[in-house]
């Protein structure tokens, strides 16, 4: 911007005028600050999710039934993981609750697998997320989240090698979810399973990826 | 101060700012000059609150009302932010009009400031378009029907059919209309607004302050300082505007109605700044049939277009060099006349719409819904406190039930409860819904249902359990609503009844 002549600024004025101008300048900045503050609190506040303010108030997960067909095919193939598709009601943001499709890996453990489960998956038992009860092992069943604990890809069951393998970064897991290769920081995440009078019910949980500890991020 | 110098040497920002603030104010600083800066303040506030609303708002028929409802009831401070945006529109248009009137009275549009004035008139038009397009976005009853009227008015003008087709993507008002209004409201118009405000300010600075309305050499007047003297007054005026807006947003939140339902009757209330135009249209509608086409053309195109055209051309028509108020009887007289006519038309159409709304509320629920909508903002407990204008408790509960239904049930069962054969049951005349003993339907709402044969038909979808997702008050209100809507005439249900139902 070109220099321009401003007459009013040539004469600095009396000391009273100068002190008055200092006051007006400060008052203007103060008014701006007050408006900014009154706006910042609700505007920034509107973006803060409830889970940050009161994490313990986040509703715990509800067990949802797995379809019998999927469960039956698990029961008939002991020692082999079977992918079970299921759906549960989930309210996504402002949308009314609607069916949300997910899948889990279900395994009917052989007696040997059940016997060695606690020994081979000690990470499940020493974990702070101990509130997740693994009574699944007592039933002889285990259900794994399909999400790789490394960075959240969906892994596959490779029958020829009898391993779970993640296509993204090469993590590999045994049939009972022990990590055997790759960058994953922990074994596969089991989901709480319960037997509700003949119906298998699972609680959908999302765990934090990339950490050795199993930290719950969200329930269904 | 080394940092400041470092930045200054590399950017020149410090001297640019100093240069911008170093400005003479002929005759000294005055609160009279604060209208323009207060308008800019309101604009900035609209942009800031608008940005935060887009973090939640979603433009489509499936989500516009739902996301607005979420902002109202679930987002922390959401109701406050949306109400600030609502009142901000009123503040911005009111301040812009006051600024214009002041410039008219002061004769500040005269040479060499003609283009500053022309840009200002364009800013008025853009601001009105922003108001119009924003009105549709919440997708509630008033939004839908007010915009329907506005689009149909546009369509009735010569060539307006094209405008209508473009705005609605060929069909009626629908999801693409919301998208288009959203694009206009959030991107195109704000971008144009900011560009033109930039031009407006640059022209203002090029010519300097217009000063008081006197025929003297402005340079010979005592000069005041823009910073800090005038800036303080601008800030004080903006603060006053802000304080009023905050109080209004808290104590008179933006109205929000049930979701748009084209099958219902609803008498929309236009935004106050369109009442004068609406008044013209009503007068045209009352003329004899023979002259009505001409009257409509006058009301929709000739007069509004003429006013805008006259405003744009004003500095070129009014060549009278004097700025003294006493020497400009024609322009001042015409300004006063136009103001009186605009206020008269606004009062006329505003009162007429209110009367129509009051008359229609005697017979039907829509107006009661409109009434209750003003208090819906207080949260889901509004069911018992809603109707403030003398309706019965049952009417209030059913209004509340209607909004619970619209938010949670209508996506499957349909706005009219008709459902979908084989998937979602029809609720109208449904024996389970209207059963004399409501225990069955109460259980269904609380704990869900799957695979039940209703009236000889089976349904594929699963009814979710609502206990825990909705309060007992909400569930009771929605049961009462479905038992008394679409021809159903069964008894009301209270939250206390629900407590007796166990799984």
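The values are calculated or read from the model by the stated rules, or taken from the named source; none is laboratory data. All values derive from a computational prediction rather than experimental measurement. When we count neighbours, we look across all protein chains shown, and the Cβ atoms used for this are built from the backbone with ideal geometry, even at glycine.
At-a-glance table
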| item | result |
| --- | --- |
| Search result, residues across region B:42-67 that are out of contact with any helix residue (DSSP H, G or I) (no Cβ under 8 Å at 6 or more places or on another chain) and closer than 17 Å to residue B:246 by Cα | B:44 |
| Residue in region B:220-227 that is crowded, with 16+ Cβ neighbours inside 10 Å, within 10 Å of chain A (Cβ to nearest Cβ) and on the phi > 0 side of the Ramachandran plot present | no |
| Residue in region A:59-71 that is more than 11 Å from every other protein chain (Cβ to nearest Cβ), in a helix (DSSP H, G or I) and surrounded by 15 or more Cβ atoms within 10 Å (Cβ to Cβ) present | yes |
| The one condition in (1) surrounded by 20 or more Cβ atoms within 10 Å (Cβ to Cβ); (2) within 14 Å of another protein chain (Cβ to nearest Cβ); (3) out of contact with any strand residue (DSSP E or B) (no Cβ under 9 Å at 6 or more places or on another chain) that residue B:250 fails to fulfil | (1) |
| Top-ranked residue of region B:58-67 - restricted to ones that are touching a residue at least 24 places away in the same chain (Cβ under 8 Å) and assigned to a loop (DSSP other than H, G, I, E, B), ranked as nearest to the other protein chains (Cβ to nearest Cβ) | B:62 |
| Qualifying residues in region A:72-108 (those that are in contact with a helix residue (DSSP H, G or I) (Cβ under 6 Å, 6 or more places away or on another chain) and at the interface with chain B (Cβ under 10 Å from one of its Cβ atoms)) - the one modelled with the lowest pLDDT | A:96 |
| Filter pass, residue B:59 being at pLDDT below 95 and over 16 Å from residue B:239 (Cα atoms) | no |
| Hey, residue B:201 surrounded by fewer than 17 Cβ atoms within 10 Å (Cβ to Cβ) and within 30 Å of residue B:37 (Cβ to Cβ) or not | yes |
| The listed residue being crowded, with 19+ Cβ neighbours inside 10 Å, assigned to a helix (DSSP H, G or I) and without any contact (Cβ under 8 Å) to a residue 24 or more places away in the chain, out of B:135, B:70 | B:70 |
| Residues that are within 17 Å of residue A:36 (Cα to Cα), facing chain A (nearest Cβ under 7 Å) and in a helix (DSSP H, G or I), drawn from region B:75-87 | B:80, B:81 |
| Only listed residue being away from chain A (no Cβ under 14 Å), more than 30 Å from residue B:172 (Cα to Cα), under 20 Å from the mean Cα position of the chain (by Cα) and in a helix (DSSP H, G or I), chosen from B:96, B:115 | B:96 |
| Test: residue in region B:228-237 that is more than 14 Å from chain A (Cβ to nearest Cβ) and either touching a helix residue (DSSP H, G or I) at 6+ places or on another chain (Cβ under 8 Å) or in a helix (DSSP H, G or I) (or both) | no |
| Counted residues, region B:459-475 - those being surrounded by 16 or more Cβ atoms within 10 Å (Cβ to Cβ), out of contact with any strand residue (DSSP E or B) (no Cβ under 7 Å at 6 or more places or on another chain), within 14 Å of another protein chain (Cβ to nearest Cβ) and in a loop (DSSP other than H, G, I, E, B) | 2 |
| Residues (over 24 Å from residue B:472 (Cβ atoms) and in a loop (DSSP other than H, G, I, E, B)) located in region B:444-458 | B:451, B:453, B:455, B:456, B:458 |
| Selection status of residue B:321, more than 14 Å from chain A (Cβ to nearest Cβ) and surrounded by fewer than 15 Cβ atoms within 10 Å (Cβ to Cβ) | yes |
| Residue, surrounded by the fewest Cβ atoms within 10 Å (Cβ to Cβ), within region B:385-423, restricted to residues that are in a helix (DSSP H, G or I), modelled with pLDDT of 75 or more and away from every other protein chain (no Cβ under 14 Å) | B:402 |
| Single residue of B:312, B:244 found to be loosely packed, with under 13 Cβ neighbours inside 10 Å and over 30 Å from residue B:417 (Cβ atoms) | B:244 |
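Residue-wise test of (1) farther than 30 Å from residue B:215 by Cβ; (2) part of a helix (DSSP H, G or I); (3) within 11 Å of another protein chain (Cβ to nearest Cβ).
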position: B:28; (1), (2), (3): no, no, yes
position: B:35; (1), (2), (3): no, yes, no
position: B:56; (1), (2), (3): yes, no, yes
position: B:89; (1), (2), (3): yes, yes, no
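Yes or no, residue by residue, for (1) exposed (fewer than 15 other Cβ atoms within 10 Å of the Cβ); (2) without any contact (Cβ under 8 Å) to a residue 12 or more places away in the chain; (3) closer than 30 Å to residue A:164 by Cα:
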position: A:37; (1), (2), (3): yes, yes, no
position: A:42; (1), (2), (3): no, yes, no
position: A:90; (1), (2), (3): no, no, yes
position: A:93; (1), (2), (3): yes, yes, no
